[in-house]
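The values are calculated or read from the model by the stated rules, or taken from the named source; none is laboratory data. What you are looking at is a predicted structure, and each value in this text was computed from that prediction instead of being measured. As a convention, Cβ positions derive from the backbone with ideal geometry for all residues, glycine included, and neighbour counts pool all protein chains shown. The accessibility values were calculated without ligands, DNA or RNA, using every heavy atom of the protein model including side chains. Shrake-Rupley method; radii C 1.70, N 1.55, O 1.52, S 1.80 Å.
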Amino acid sequence: MRTFDPSSAANYSLVRPTYPPELYYWLSHQVKQTERVWDCACGTGQASIDLAAYFQHVEATDISEAQIAKATPHRKVNYSVQPSEKTNFPDHYFDAVCVAHALHWFDLNTFWQEVRRVLKPGGKLFIWGYNWIQFGDSLDQAIKEHLLPILQPFWPEQTALLRGQYLSVDFPFTQIESPSFDLECHWTMTQAFAFMRSWSASQIMVEKQGDFQIQEAEKAIEYVWKDPLEKVPAKFPFFVYAGSFSE
């Protein structure tokens with residue numbers, strides 16, 4: 001399961017890219033009604049707020065009290081601390097269930113059962129995420145040479161699912177075709193470093209060993225970046241799975 005300490009929760013939403021606006025428009029047109037949606041493992045509400053533009057009511061849950069405490073308030077969003085595998089929501093309650101960049105942290109068999117329980121007949125499940133970051137050949141190579149080797153021992157086992165774009169997940173629902181979406185930011189070096197320090201492996205390494213090695217890796221990457229204030233395109237390979245359970 002995913003957990004975050006209060007300090008990382010405070011910065012999480014600031015250093016992560018926002019999801020494509022077109023995604024929310026598309027998914028809202030795949031459901032019969034837009035009365036209620038559940039944002040599972042919502043973090044600080046990054047997707048929750050965007051979903052509120054298309055749904056009348058958003059239930060946003062996370063197992064981290066620290067994340068929920070830092071979540072962005074919105075009149076149409078109700079935040080609560082709950083595991084995604086077992087909630088207090090009524091049966092057949094939601095028109096849609098969304099999982100933004102978090103499926104790999106779940107006990108999947110239990111989660112599928114919970115989704116079946118809370119979805120209305122004909123309701124749909126939407127799962128999305130990105131599996132890496134691409135800055136361009138020279139910067140990507142510097143990250144690969146200097147940062148990734150020191151982080152390798154600290155990646156939680158679950159993150160392998162994400163890096164594989166969930167291709168190894170046996171989805172128990174009937175999938176619907178989803179369009180492709182582009183996710184791209186323009187970041188300074190400081191923004192890029194903050195994002196990479198938000199990785200679970202980086203946080204675990206710093207907690208266990210401090211950040212000296214990460215600082216050294218950043219120096220090597222900075223040499224290639226050259227101008228720290230230059231905004232570089234950051235592309236994220238983005239993927240979406242969507243479908244409905246048999247009634």
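List of remarks:
- A dipole drawn for the chain from +1 and -1 charges on Cβ atoms has a positive end, and of Gln67, Tyr241, Phe55 the residue lying farthest that way is Phe55.
- Per residue accessible area in Å² of the range 83-129, where ligands, DNA and RNA are left out and the probe is 1.4 Å: 34
- Carbon-plus-sulfur accessible fraction, the chain (probe radius 1.4 Å, protein heavy atoms only): 49%.
- Working ranking of peptides 185-198, 78-91 by packing, defined as the average number of other Cβ atoms within 10 Å per residue, highest first, is 185-198, 78-91.
- Distance between the range 97-155 and the range 163-237 - C-alpha centres, whole angstrom: 12
- Cross-link check: pairs Lys124/Lys208; Lys124/Lys235; Lys32/Lys235 evaluated at a Cα-Cα cut-off of 31 Å; pairs beyond the cut-off: Lys124/Lys208; Lys32/Lys235.
- Restricting attention to the chain, close to 40% of DSSP beta bridges with both partner residues there are antiparallel.
- The chain: relative contact order in percent, alpha carbon pairs under 8 Å with at least 6 residues between: 21
- Ranking Trp26, Gln203, Thr190 by Cα position along the charge dipole of the chain, where only Lys, Arg, Asp and Glu carry charges on their C-beta atoms, puts Trp26 farthest toward the positive end.
- Computed magnitude of the charge dipole of the chain (debye, nearest 20; Cβ of K, R +1, Cβ of D, E -1): 400
- For the range 86-98, 3J(HN,Hα) per residue [Karplus equation, 6.51 cos²θ - 1.76 cosθ + 1.60, θ = phi - 60°, Hz, x = Gly/Pro]: 8, 10, 9, 6, x, 5, 6, 9, 10, 7, 8, 10, 10
- Over the chain: helical MRE at 222 nm, DSSP H runs n ≥ 4 each giving -39500 (n - 2.57), nearest 500: -9500 deg cm²/dmol
- Modelled FRET efficiency - R0 45 Å, Val169 with Glu230, Cβ distances, 0.05 increments: 0.75
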